[in-house]
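A.B. asks: For reference, the structure I am asking about is given below.
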Amino acid sequence: MRGFFLGIQAYAQAWRILFSKKFAWFLLFPVIVLILLFIMGNMVTNYLGNSLNDWFSQQISLWFQDISWLQWLDDVAGWLVWLLVRLVYFFLFAMFSGYIVLIVMSPVYSWLSERAEMQLTGRIYSFSVNQLLRDILRGILIALRNMLVQTVISIFLFFMAFIPFIGLLVPFFMLFVSSYFYGFSFLDYAIERKKLNVRDSVRYVNRNIGETVGVGFVFAIALMVPLLNVLVCCFLSLLSVIAGAVVVNNRDERLSDEIYKY
């Protein structure tokens with residue numbers, strides 16, 4: 001629990017960093033991402049909706065070509081397809097919106113985490129395109145891995161919810177699971193600079209599970225905001241990445257102090 005509250009407290013320092021003159025311009029990136037997601041979402045739903053609508057229209061014309069008074073089914077089918085496509089899109093986006101944000105904004109997170117660590121430690125990292133691309137790829141792979149594992153665990157917990165008494169605890173378990181995996185994704189940008197592979201990163205996160213869950217908890221709670229969850233999380237994720245860097249840096253400082261005392 002002490003680590004959990006340390007993870008949440010890291011947001012206070014992250015806030016001061018993000019809204020300083022050197023970092024405030026990073027707030028432009030969520031605006032750009034939101035516009036792109038809106039445009040791409042409309043393009044995908046319109047394309048799928050029109051394609052399915054054309055297919056249903058052809059089938060209805062073949063089935064009822066000799067029954068003129070049933071041609072109204074064409075308009076009804078078009079409306080139902082339009083509604084169904086958007087409902088499915090909304091459901092999938094609501095379910096995976098957190099990881100969609102993580103994947104789309106991965107290049108920004110990698111850069112932001114490095115700049116935040118430089119601000120915290122004074123350490124200078126020379127810019128490298130290859131390293132940046134590796135960081136971006138790793139961030140995307142970690143997000144996809146966490147999304148897959150979290151989905152499998154969530155499906156298992158969903159069925160557990162039907163068991164008497166145990167079902168009452170399932171929402172808390174699901175919140176813990178989502179907080180853990182989101183926190184893992186945010187911390188990994190700072191962990192990667194330690195040259196740890198994914199397996200070692202998992203061990204690092206598990207040894208600091210309180211801080212990890214604390215960082216992810218704030219983001220997971222924000223995802224529960226009705227309708228505005230994606231808008232809130234796009235901006236909040238910047239704070240979460242910095243908070244992850246703060247947690248990793250504070251952990252390193254505590255270890256250094258312990259070694260020095262020893």
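The values are calculated or read from the model by the stated rules, or taken from the named source; none is laboratory data. Since the structure is predicted, the reported quantities are computational estimates derived from the model, not experimental observations. Neighbour counts run over all protein chains shown; Cβ positions are idealised from the backbone, glycine included. What goes into the accessible areas is simple: the full protein's heavy atoms, side chains included, and nothing from ligands, DNA or RNA. Shrake-Rupley method; radii C 1.70, N 1.55, O 1.52, S 1.80 Å.
A.B. asks: Averaged per residue, what accessible area in Å² does the stretch 152-215 show with a 1.4 Å probe, protein chains only?
C.D. replies: 53
A.B. asks: If the chain between Ile155 and Leu87 were fully stretched, how many nm would it gain, using 0.36 nm times the residue separation less the Cα-Cα distance? Don't jump to the answer; show the numbers that get you there.
C.D. replies: On the way: separation 68, 0.36 × 68 = 24.48 nm, distance 2.04 nm.
Here the answer is 22.4 nm.
A.B. asks: For the stretch 176-208 and the stretch 145-169, what is the separation of their C-alpha centers, rounded to whole Å?
C.D. replies: Spelled out, the Cα-based centre of one part sits 22 Å from the other.
A.B. asks: How many nm separate the modelled label positions at Ile166 and Ile124, each set 7 Å beyond the Cα in the direction of the Cβ?
C.D. replies: For the pair Ile166/Ile124, the computed spacing is 5.8 nm.
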